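Written out below as C-alpha cells is the structure these notes cover.
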Amino acid sequence: MKRSSRAVRAMILLGALALLALVRPARAQGPAVDPAGPPGRVESRGGLGVPLGSAGISAFDTTPGAMGQPIGGRAGPSVSRAPVGGLQPPTTGREPEQPERFRLRALEPADVPQYGELELPADAPDQTGPPDGLTLDAAIDRLVERNLALLALKHEIDQARADVLTASLRVNPVLYADTQFIPYGRFSNERPGGQTQYDVNVTLPVDVTGKRKARTAAARQASRVTEAQFQDAVRLQIDNLYTAYVDVVAAEETLRFSRAYADGIRKLLELNLDLLEQGQITEATTDALRAQVEQAQYQVREATQAVGRTSRALAVLLDVPRVEVDALRVRAPRRQVSDLPMPIDAIVAEAVACRPDLVAYRLGVGRADADLRLAHAERYSDVYVLAQPYTFQDNSPFGSKSATSWAVGVTVPLPLYNRNQGNIARAQSNAVQTRIEVASIERQVAAEAEEAARELELSRDGVFELEQQILPSSRRVRDAAFARFRGGEANALEYLEAQRQYNDVVRQYRDSLVRHRRAMLDLNTAVGARILP
C-alpha cells in the first residue's frame, strides 16, 4: 500500500509538472535570444528611410521556435534548446512609406514691392553688385558645402551603407550547455533513474536558400536609391537657391529704379520751384511735386528693406553668419536673355534621362525586384546543424565508471503551411506598382520640362517686345510731354501723367527681366542639369 501511494503521488507530481510544461513551454531549458527584427525588414532612423520600390516585406516568423520554443520537441543530448528566432541575423526594419525628409520645402519667391513709380536709369552697367559680389556659381558651391539641410540628409547615405553592412552579416552560432536528469535527492537501486547528464553543444544555422545574399543585394539597391534621392534633394535645394538669388537681384534692381525715379522727380521739383519764383506756375503744382518726392523717398526706403529681407533669406540657405548678412552682396548680369539651348524634344529627352527623382524611381524598380528575390529566398528557413562534442553521464551513484560521448544532429523546419506566400505576393504586386509609378513620373517630368521650355520662350519674347517696341514708344511719349512742358505748352501735372504711364512700362520691363531669369533657372531645375547659366 505504501508503494502504491508513493506511485500515485509520483504520478500526480509528474502530471503537475507536465501541465506546467504545457502552460509555460521549456524556455528555461535554453537561452531565449530574441531577434532584433525579422529578416528583410530594415528600420529607418527617421530620415530618408525607405527607398523607392521597397515592398516593406518581412520574413515569416511562425517557424518552430519563433516564440522561444526549442527547435526540437524533446529533451536529450542531440537536441538544441536555442530558439530559432535567436539564430536569425540582426537586421533593421523598413517602413513602406515614402519618407518626408527628402521632400524639402519649396521656397516661394519673395514679395518684392511692385512700386508704381519707377524710372529706367540712364547709366545701366552690365552687372549688378560689387565686383567681389557673390556669383550664382559661387553660391551653388557654397550651398552644396554648407547648407545645413543637405549636410543632415547626407548622413542618410552613411546609414544606408551601414544597412548594407548589417544585411551582409552572417548568423551567429549558438553555444549551449545544460544538465538534465537531476534527481530530487539521489538515484539508487531502490529509486533507479537515468544518469545525471551534462551536455555542451553548438548549433550552426546553414543558409541553404541564399537569404543573406538576397538580403545584401536588396540593401545595396536601397543604398543606391538613397543616393539618388539625395541628389534630388540637392536639385530641389538649388532650386530654392535660384529663387532666393533672383529675389535679391530683383530687389536690388527695384532699389536702383526707385532711386533713379527719386532723383528725377527731385530735379523736376527744383525746376518748378524756379518757375514758381518767376510767377509762371501756381503753388498747387509744386505741392503736388513735393508729394511725389515724399512718395519716391518712401519707395526707396521700402526697396532698401526688400534688399535686406531677400539677402537674409539667401543667407539662411548658404549658412552665412548673422554678423555677415549685411555685407552679403550678389554679382549678377542686369540683363540676361537666352534662347533655348536645344530643341524642346531634346530638352524633354534630357530631363527624362537625368532627373534625379526619376532616376530614384527607376532604381526603385530594382529595389522592388530585389525584394521579390528576397521574398523567394525566405520561403524556407535555415537548416540547423547541431554539433555536441561533449556529453558526460554521471554513473557514480551506481558504483560504475562515468561515461562521455558525442552527438551530431540536424534540424530542418518543414514548410508545410508557411512558405512566405503572402510576402511573395506583396513583393510581386509592389514590383508592378513601382513600374507603373515610373511611367507616371516619366510623363510628369516630360510635361514639366516642356512647360519650362515654353515659359522660357514666352518670357524671352516678352523682353524683346518691351525693349524693341513698347519701351521706346513710351519713352518718346514721355519726352514729348517734357518738351511741351519746357516750351510752356503744358504744365507739370500733364508731364507727370506721361511720366506715370512711362513708369508703368518700366515696371513691366523690370518684371519681364526677372520673369525671364526665373524661367532660365526653372528650366535647369526641370531638366535636372545646368543647361543654362
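Against the test of being without any contact (Cβ under 8 Å) to a residue 12 or more places away in the chain, part of a helix (DSSP H, G or I) and surrounded by fewer than 22 Cβ atoms within 10 Å (Cβ to Cβ), the options D274, D239, D232 yield a single qualifying residue, D274. When you scan the range 298-311, do you find a residue that is hydroxyl-bearing (S, T, Y), free of Cβ contacts under 8 Å to residues at least 40 places away in the same chain, assigned to a helix (DSSP H, G or I) and more than 20 Å from A139 (Cα to Cα), even just one? Within the range 298-311 (the criterion being hydroxyl-bearing (S, T, Y), free of Cβ contacts under 8 Å to residues at least 40 places away in the same chain, assigned to a helix (DSSP H, G or I) and more than 20 Å from A139 (Cα to Cα)), the answer is yes, since at least one residue qualifies. Do we have Y361 as touching a Leu at 6+ places or on another chain (Cβ under 6 Å), aromatic (F, W, Y) and closer than 30 Å to T209 by Cβ here? When the stated conditions are applied, Y361 passes them.
Does any residue of the range 291-299 turn out to be in contact with a Pro (Cβ under 7 Å, 6 or more places away or on another chain), surrounded by fewer than 22 Cβ atoms within 10 Å (Cβ to Cβ) and at pLDDT 90 or above? Spell out the reasoning first.
We begin by selecting, within the range 291-299, every residue in contact with a Pro (Cβ under 7 Å, 6 or more places away or on another chain); these are none.
No: the range 291-299 contains no residue that is in contact with a Pro (Cβ under 7 Å, 6 or more places away or on another chain), surrounded by fewer than 22 Cβ atoms within 10 Å (Cβ to Cβ) and at pLDDT 90 or above.
If only residues of the range 388-409 that are farther than 16 Å from A177 by Cα and small (G, A, S) are counted, the one that is modelled with the lowest pLDDT is G399. So for the range 436-450 (the condition being in contact (Cβ under 8 Å) with a residue 40 or more places away in the chain, surrounded by fewer than 18 Cβ atoms within 10 Å (Cβ to Cβ), among the small types (G, A, S) and out of contact with any Gly (no Cβ under 6 Å at 6 or more places or on another chain)), does at least one residue qualify? Looking for residues that are in contact (Cβ under 8 Å) with a residue 40 or more places away in the chain, surrounded by fewer than 18 Cβ atoms within 10 Å (Cβ to Cβ), among the small types (G, A, S) and out of contact with any Gly (no Cβ under 6 Å at 6 or more places or on another chain), one finds none in the range 436-450, hence no. Would you be able to say whether some residue in the range 307-321 is among the small types (G, A, S) and under 26 Å from the mean Cα position of the chain (by Cα)? Checked the range 307-321: at least one residue is among the small types (G, A, S) and under 26 Å from the mean Cα position of the chain (by Cα).
In the range 318-344, of all residues being part of a helix (DSSP H, G or I) and touching a residue at least 60 places away in the same chain (Cβ under 8 Å), the one that is surrounded by the most Cβ atoms within 10 Å (Cβ to Cβ) corresponds to L318.
Condition check for A315 on (1) in a helix (DSSP H, G or I); (2) small (G, A, S); (3) touching a residue at least 60 places away in the same chain (Cβ under 8 Å): one failure, at (3).
Which one is farthest from D207 (Cα to Cα) among residues in the range 399-425 that are touching a helix residue (DSSP H, G or I) at 6+ places or on another chain (Cβ under 8 Å) and of a type in the set (S, T, N, Q)? Residue satisfying both the conditions and the ranking: S402.
The values are calculated or read from the model by the stated rules, or taken from the named source; none is laboratory data. Keep in mind the model is a prediction, meaning the values are calculated, not measured. All Cβ positions, glycine included, derive from the backbone under ideal geometry; neighbour counts span all protein chains shown.
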